[in-house]
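Taking it in order: structure first as C-alpha cells, then the write-up.
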Amino acid sequence: MNELKNKLYTWYAGGMFLLTFLLIFPFFLICIWVPTWRKYGRRINQYWAKTYFSLILLPVEIELKSQFDKKKPYIFLANHFSYLDVAMMGFVPGDVLFVGKASIRKVPLFGYYFKGLHIAVDRSRLKSRAETMRRAGLALDRGSGIVLFPEGGIYTSHPPQMVPFKNGAFRLALEKQIPIIPVTLSYNHLILPDDGKFILHRRKAKMVLHEPLSPKDYPTEEELSKKCFEVIQTQLNLDNGIEQKTPQKLSISENR
C-alpha cells in the first residue's frame, strides 16, 4: 500500500511540476528576451520553488546558522545526492545563478529557460569548464550569487557520505574574494533516492545555510575545500544520526 501511495504521489508531484512550469514559462520568456530583466526571472524561480513545494505538501525546514547580507554575492555550495536538490536550491535567498550540467539544455522548454537565466557546463570539455568559470566570475562581479554542487554531480554510492569536491568553486572564491556559504540538504536522498526508480517519499525536507567561509581565513583551495566539506558532512551526519568519525585528510580532485 505504501508503495502505491508513493507512486501516486510521484505522479502528482511530477504533474504539478509540469503544470506550474508551463504556467510561468511565458514570464520566464519575457525576462530572458529582455536582458536587464533576467534577475526578475531568477526571482520568479524562487517563488516557483516555494509554491511548488507547498502544492506537493512537502514542507521544507530552513535553518540559518547566521544572518548574512542577501544583497551581497556569495557562492552557495551544497551536497548533491538527489534530483530534488536543484529544485530545493530555489529557496536560496538573493539573486543567484545556478551552474548545472549541459545536458539540461536538451530538455524541451526547461533547457531554454535554464540556458537563458543560468549557466550550463559540459564537464567533459575543458573549454566549456573555463567558459563556465568566466561567466560565473562575471555574475559575481555584477553582484549576483552562484549556486554550485562541488561534487560535480550525483556520484556517491553511499549517501549521506559525500565524495571529494572539485576545486573550481574554491579557486573562483579565492580569485574574487567572495565568501562561500556551505549548504546542507539533509534528507533529499531519502525523499527522492538516486536508485533508478524515481519514486518520491513524502517527508519533511531540510536545508541548512551555514556561516559564510571567508577566503581570507582559508587562503588556499585545499583549506577552503576541506573546511566546506567538513561543515556540510558534519551536518549530514548529525541530521541522519551517524556517529561523527575522526576527520581524515581529503584529496582534492581536479575540476573535470
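Just so it is clear, none of the values below were taken in a lab; they were calculated from the coordinates. Bear in mind that the values here come from a model prediction, so they are computed numbers and not experimental data. Glycine gets a Cβ as well: all are built from the backbone with ideal geometry, and neighbour counts include every protein chain shown.
Where both bridge residues fall in the chain, DSSP classifies roughly 15% of the beta bridges as antiparallel. For the range 137-181 and the range 1-55, what is the separation of their Cα centres, given in Å? The distance from the Cα centre of the range 137-181 to that of the range 1-55 comes to 24 Å. Residues within the reach of a label modelled at residue 7 (point 7 angstrom out along Cα to beta-carbon, backbone nitrogen below 13 Å), restricted to the range 175-214, are 198-200. Taking each DSSP H run with n ≥ 4 as -39500 (n - 2.57) and averaging over every residue of the chain yields -14000 deg cm²/dmol at 222 nm.
Between residue 65 and residue 51, the simple spin-label model (points 7 angstrom out along Cα→Cβ) gives 3.3 nm.
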